[in-house]
Amino acid sequence: MKAMRKPFHGIALLLMLALAISCSKGENIEPIGADPCEENPCGNPEQCPNQCDDENPTEPSGITEEDLEPEGDVTETEDGYLVEGSLTMNTDSGEPVVFAEADLDVQFNDDGTLKSMSGTTEIPAPTNYFEFETPVQADIGFFTGKFLNENRDFEIQLVDERSYFVFAIAAGLELKLGVNDDPDAHKPLSIEAPVGGHITFIADYTDPMFFFSLGGDALGGGDEGGDDNGGNDGDSSHNKLASVSFGGSFGSNFFYMPTNPVDGNVVSFQANQVTGGTVSFFKILEASGMYYQNRGFSADLNFDEPMESDFGVNYRSGINGQLDLSLEITSFVSFGFPIGSGSAAVVAEASTNDGVIAKAFINGLVDPDLSWWPTFIPLMPDGDLNAYGFVEQTGNFDIGMSGSFELQMPTGDQGLEGSIRATPQAFTMEGQVVSGDDVWGASAVFTESETKCIATTPDNFTDGISETVTEQIDTAIETTEQALQDLQDAEDQYELELSLRGLRAALPGIIDEAQDAIDDAVAAGLASGRSTINSYLSDNNRILCSDNLSGQIDAIVRGHRNALTRLRNAVNETNDNATTRTELEAALRDLASLDRINRTFTVTIIHGHKTFGCGDLWKLTATRSITINETVLTSGQKAQLLEAADNVKYIEEVDGIRIEAQDIVGQLPTIEELESLKDNVEACVEELTNGIGGAGFVYNHDTKAFSHFVIVNGEEKEVGSFDIFNKNDLIAASRAELDGCDPNDALNKLVEDAKRR
């Protein structure tokens, strides 16, 4: 077993977490953090692997059968004994712990360590720091911390590996607590059992540690009794506790673990004092839950205001539960809000100016009921909020709430992501608005009379602005370019007409080549057919009487020959009118469609006997398939014919179109003139965009009126209503405040000058 330790006020604290406070001017909330691997690597094995100096840390030793001495009526059992009388537990310090007036069932494990203890006994005080005024009889149990954590709710987290004596006390208690090192100096304290319930007392005599819980049933019942904080009774000299749980651990074996840690602002630490109830942090923050501290339990503790005590350097405390803030903001209004589930940790550090300063750092989720929100400002939360920050012993505070918000504007509500910040001097907002690919900065200052909101331009603000401002010039350039293209097309059409006339001269040659190709196809068909017929006669020992080969081939190529004749006639027609142009186009397309001959036909063969000839008695009939596959026009010739067909319609009107297009171009500014104007405007735009610092509005809380402004060259200029998060609207509003950057007049003058040329 571990040795009994001295009272709290007689020894230095065994373990302190050094929480480094860092503050920079540009940060919203002052953070705190700790490096557990520097301060307590053995106590944080998961965070600090292989960094513990003690390679074989000593676990609290179990209570063995040799440590216990029963006296009185002792009856042995299978696993231990029953004792009526007393049971003394020897400790390494030599100070025995005596369970007097005991009626106990004591059982041991196979290795001789204490397994369980049940029955009734007078409660031994775990330390000479306090003692019971009169002996207190209670039911007793002996359990591991792991079992109690998993099966009972004592408001605190016990150490899984340690074992605890748990007492259920039905009556009220009168205690004497030591005040200082003088053993005769003490202070009385009375603890009243809750109505219908009992006091639960937990002790670890190897620590030593004690914990009084004034609600719940340690040995298996339900939770009863109130949770209100007890206070001083003016009719009694005793401090009375009605429903406040409290305790102390000489070995700092109470472990505070924040339920809402974020970014190291609220950290874990080992504590040696716990107090349940409601705690006020410097009259700014009120928290309800189990309050952990790392200083010795003191009879001077004010259970109504445990934060009223003086703070020493490196003081730490923490609480999980419901938090309520009450903030006095000079420029705004009294403002407060509840945190439904939060954590608060208090740190005291030395200050060169003001001695020791304590800060309570908080973090948690804001209660979803937004009835507390100041609805007179044009900003509303839109979903869950996370609250964080600190309050100081001096009354200073810096509290933030982050999440989604909805900003109310005349042009429509705008969603944004960001945070609000409350200090004694100001209530402000910082956030971002995402609009398409643009990310705008958003900030606001809220005072009692008005809200001032400012939008700062995105990083890519200048992208595309020149195109927006010079859009009219670009349109004029496109008009001129289109007119030039139309003129070029007219010129091309006119040249095409000329080329069509040239094509008429070239067409006879194309027709002749096509005619030769058709003749070649006929010859090839005849040769192939004749070869097939002869092969048949030879194979069957027959002679040819007659066949229809030539007639079949002539029928196949007749359409191609007719198309050639039609085109030759159309080309030779010199009377150029609508009818002749229509016939020419049709003839061109007709021949182009007959660019190949690819036909398979059946030839009929009438054959006779080689000896008896072609008499009626000896004539027979057979059929065979013959294929003709020949190119009449090359792909180039075909494309030439089709292009000519597409443009026959322009022959009459092409010259008029060309003249009209020339007139249009003559009345427009040149591309060079327009480009020069555009360069001048873009230079002005660059000056403009470099000068725009943002935009915003002021909302009057009394009149509900909005007034808008733009920031140009560092100066706010009032303008009409517009969407402050819209790039084009901002440019339009800002241009009105500068001379130039308006291309309309210059462009109109350029167009009029061109018309007069």
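The values are calculated or read from the model by the stated rules, or taken from the named source; none is laboratory data. All values derive from a computational prediction rather than experimental measurement. Note: ideal-geometry Cβ built from the backbone for every residue, glycine included; neighbour counts use all protein chains shown. Keep in mind that these areas ignore ligands, DNA and RNA; they rest on the heavy atoms of the full protein, side chains included. Shrake-Rupley method; radii C 1.70, N 1.55, O 1.52, S 1.80 Å.
Quick check on Gly608: is it of a type in the set (Gly, Ala, Ser), open to solvent by less than 40 Å² (accessible area, probe 1.4 Å) and at pLDDT below 90? So Gly608 does not fit the description; no. For Thr582, the requirement of being of a type outside the set (A, V, I, L, M) and at pLDDT 85 or above is not met.
Within region 371-390, residues that are modelled with pLDDT under 90 and open to solvent by 50 Å² or more (accessible area, probe 1.4 Å) reach no partner that is assigned to a loop (DSSP other than H, G, I, E, B) and not basic (Lys, Arg) with beta carbons closer than 6 Å at six or more positions or on different chains. Of Glu718, Glu652, all but one fail to be on the phi < 0 side of the Ramachandran plot, modelled with pLDDT of 85 or more and open to solvent by 60 Å² or more (accessible area, probe 1.4 Å); the exception is Glu718.
Within region 71-87, the set of residues being in contact (Cβ under 8 Å) with a residue 12 or more places away in the chain, in a strand (DSSP E or B) and open to solvent by 50 Å² or more (accessible area, probe 1.4 Å) comprises Glu71, Gly72, Asp73, Leu82, Glu84.
Identify the residue in region 699-708 that is touching a Phe, Trp or Tyr at 6+ places or on another chain (Cβ under 7 Å) and either loosely packed, with under 13 Cβ neighbours inside 10 Å or of a type outside the set (Ser, Thr, Tyr) (or both) and, among all such residues, is nearest to Phe446 (Cα to Cα). Explain how you work it out, then say what you get.
Here is the first cut: in region 699-708, the residues touching a Phe, Trp or Tyr at 6+ places or on another chain (Cβ under 7 Å) are 699, 701, 706-708.
Next cut, either loosely packed, with under 13 Cβ neighbours inside 10 Å or of a type outside the set (Ser, Thr, Tyr) (or both) only: 701, 706, 708.
Numbers: His701: 10, Phe706: 14, His708: 16 Å.
So, considering only residues that are touching a Phe, Trp or Tyr at 6+ places or on another chain (Cβ under 7 Å) and either loosely packed, with under 13 Cβ neighbours inside 10 Å or of a type outside the set (Ser, Thr, Tyr) (or both), the one nearest to Phe446 (Cα to Cα) is His701.
Reported count of residues in region 435-474, each being out of contact with any strand residue (DSSP E or B) (no Cβ under 8 Å at 6 or more places or on another chain) and modelled with pLDDT under 90, is 17. Leu567 meets each of the listed conditions (1) touching a Lys or Arg at 6+ places or on another chain (Cβ under 9 Å); (2) touching a residue at least 24 places away in the same chain (Cβ under 8 Å); (3) not β-branched (Val, Ile, Thr) apart from (1).
Being farther than 20 Å from Gly559 by Cα, open to solvent by 30 Å² or more (accessible area, probe 1.4 Å) and at pLDDT 80 or above: is that true of Arg624 here?
Numbers: farther than 20 Å from Gly559 by Cα: yes; open to solvent by 30 Å² or more (accessible area, probe 1.4 Å): yes; at pLDDT 80 or above: yes.
Yes: the conditions hold for Arg624.
Restricting the first member to region 88-99 and to residues that are part of a strand (DSSP E or B) and open to solvent by less than 20 Å² (accessible area, probe 1.4 Å), and the second to residues that are modelled with pLDDT of 85 or more and among the polar types (S, T, N, Q), the beta-carbon pairs closer than 7 Å and six or more apart or on different chains are Phe99/Ser86; Phe99/Thr121.
Within region 507-531, residues that are basic (Lys, Arg) sit with their Cβ atoms under 8 Å from residues that are part of a helix (DSSP H, G or I) and surrounded by 16 or more Cβ atoms within 10 Å (Cβ to Cβ), at 6+ positions apart or across chains, in these pairs: Arg530/Leu549.
Scan region 713-730 for residues that are closer than 13 Å to Val698 by Cα and not in a loop (DSSP other than H, G, I, E, B) and the total you get is 4. The residues of region 406-426 that are open to solvent by less than 10 Å² (accessible area, probe 1.4 Å) and farther than 19 Å from Pro458 by Cβ, listed by number, are Ile420, Ala422. As a summary of the residue check, Thr582 satisfies the conditions (1) assigned to a helix (DSSP H, G or I); (2) among the polar types (S, T, N, Q); (3) more than 17 Å from Ala645 (Cβ to Cβ) except for the one numbered (3).
Within region 551-593, the residues that satisfy the criterion of being among the hydroxyl-bearing types (Ser, Thr, Tyr) and open to solvent by 60 Å² or more (accessible area, probe 1.4 Å) are Thr565, Thr574, Thr579, Thr582, Ser593. Of the residues making up region 632-641, those that are surrounded by 14 or more Cβ atoms within 10 Å (Cβ to Cβ), assigned to a helix (DSSP H, G or I) and modelled with pLDDT of 80 or more are Gln637, Lys638, Leu641. Per the listing Gly636, Gly615, Gly608, the residue uniquely free of Cβ contacts under 8 Å to residues at least 12 places away in the same chain and touching a strand residue (DSSP E or B) at 6+ places or on another chain (Cβ under 9 Å) is Gly615. Going through region 391-405 one residue at a time, which ones are open to solvent by less than 20 Å² (accessible area, probe 1.4 Å) and among the charged types (D, E, K, R)? The one that is open to solvent by less than 20 Å² (accessible area, probe 1.4 Å) and among the charged types (D, E, K, R): Asp398.
Screening Met429 with (1) closer than 18 Å to Leu323 by Cα; (2) open to solvent by less than 20 Å² (accessible area, probe 1.4 Å) gives one miss only, at (1).
This table checks each residue for (1) modelled with pLDDT of 90 or more; (2) aromatic (Phe, Trp, Tyr).
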position: Leu82; (1), (2): yes, no
position: Gly85; (1), (2): yes, no
position: Thr91; (1), (2): no, no
position: Gly94; (1), (2): no, no
position: Asp103; (1), (2): yes, no
position: Phe108; (1), (2): yes, yes
position: Leu114; (1), (2): yes, no
position: Met117; (1), (2): yes, no
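Inside region 108-142, residues that are open to solvent by 50 Å² or more (accessible area, probe 1.4 Å) and in a strand (DSSP E or B) make up a count of 5.
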